[in-house]
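Reviewing the structure listed below.
Just so it is clear, none of the values below were taken in a lab; they were calculated from the coordinates. Every value quoted in this text rests on a predicted model; they were computed, and no experiment measured them. No Cβ is skipped: glycine too gets one built from the backbone with ideal geometry, and neighbour counts run over all protein chains shown.
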Amino acid sequence: MSRNLIGLTGGIATGKSTVANYLATAYNVPILDADIYARDAVSVGSPILSQIAEKYGKDIILNDGNLNRAKLGEIIFNHPEERHWVEGIIHPYVRNCFDKAINESSANTLILVIPLLFEAKLENLVNEIWVVSCSAQQQQQRLIERNNLTPAQATARINSQLPIAEKIARANINLDNSSTLESLLKQIDVVIKKGI
């Protein structure tokens, strides 16, 4: 049985979750999400969280034992070498979670939501790549509003990823999310009708 493993990627705040939620609710396609695995990787008491605390000090951990994401974000989005170190311990964990979930699922089609699909070199996990895109200005504005960031913080996060144009060039399908939600959902419907 040949399975369809679709990698859903895009830039930060371009609309990946919106697409994934629509595919799950309208078409009942199972979703595997890298962000959920990455959060699990640094859950309270995890070995990876301990490594991060060892490197950056105890104040990278909040009083309740959780990772201080804002503090880690300030470190990794301003220092590429630190980001590479953190990704180097989290990406293999995420990869293992995907392998396990794919093996355990009996679904013919799975959507793998992987924001850093290209950056983490996970293209070989999937046989088709969909990218969700929007203009750079929209991306920055959405990120500022969603995460309550300054323009400089938003720019640092956007610049830590591959340019969206490069992702589009390497993808099979581009879902353009620079217009209305209705327009985005229609594009998904068209892709699905062609057969996934």
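I need the phi-derived Karplus couplings for region 109-121: 6.51 cos²θ - 1.76 cosθ + 1.60, θ = phi - 60°, integer Hz, Gly and Pro marked x.
With coefficients 6.51, -1.76 and 1.60, one gets 10, 10, 9, 9, 7, 9, x, 9, 3, 6, 4, 8, 6 Hz.
When a footprinting reagent is the concern and you count Cβ atoms within 10 Å, what order do Arg142, Arg170 take, fewest first?
Listing Arg142, Arg170 from fewest to most nearby Cβ atoms yields Arg170, Arg142.
Taking a quarter of the surface of the convex hull around the Cα atoms of region 94-196, what do you get in nm²?
Averaged projected area of region 94-196's Cα convex hull equals 7.6 nm².
Taking a quarter of the surface of the Cα convex hull of the chain, what do you get in nm²?
Averaged projected area of the chain's Cα convex hull equals 11.5 nm².
Sorting check: for 118-125, 8-15, 31-38, which peptide has the highest mean count of neighbouring beta carbons within 10 Å, and how do the rest follow?
8-15, 31-38, 118-125
Once both labels are modelled 7 Å past Cα along the beta-carbon direction, what's the Thr25-Ser179 spacing in nm?
Distance between label points: 2.1 nm.
Let's see if you can work this out: charge +1 on each Lys and Arg Cβ, -1 on each Asp and Glu Cβ, no other charges. What is the dipole magnitude of region 124-196 about its Cα centre, in debye to the nearest 20?
Its charge dipole is roughly 80 debye.
Take the alpha carbon atoms of region 1-45, find their center, do the same for region 78-92, and report the distance between the two centers in whole angstrom.
Between the Cα centres of region 1-45 and region 78-92 lies a distance of 21 Å.
Can you give the convex hull volume of the alpha carbon atoms of region 38-104 per residue, in Å³?
84
With +1 on the Cβ of every Lys and Arg and -1 on the Cβ of every Asp and Glu, and nothing else charged, how large is the dipole of the chain about its Cα centre, in debye rounded to the nearest 20?
240
Give me Cys134, Cys97 sorted ascending by neighbouring Cβ count inside 10 Å, so fewest comes first.
Going from least to most buried by this count: Cys97, Cys134.
With +1 on each Lys and Arg Cβ and -1 on each Asp and Glu Cβ, and nothing else charged, work out how big the dipole of region 38-104 is about its Cα centre, in Debye to the nearest 20.
Once rounded to the nearest 20, the dipole reads 40 debye.
For region 1-41, compute Rh as the Kirkwood radius over C-alpha pairs and then the Stokes-Einstein diffusion coefficient at 4 °C and 1.567 mPa s; write the answer in µm²/s, rounded to an integer.
112
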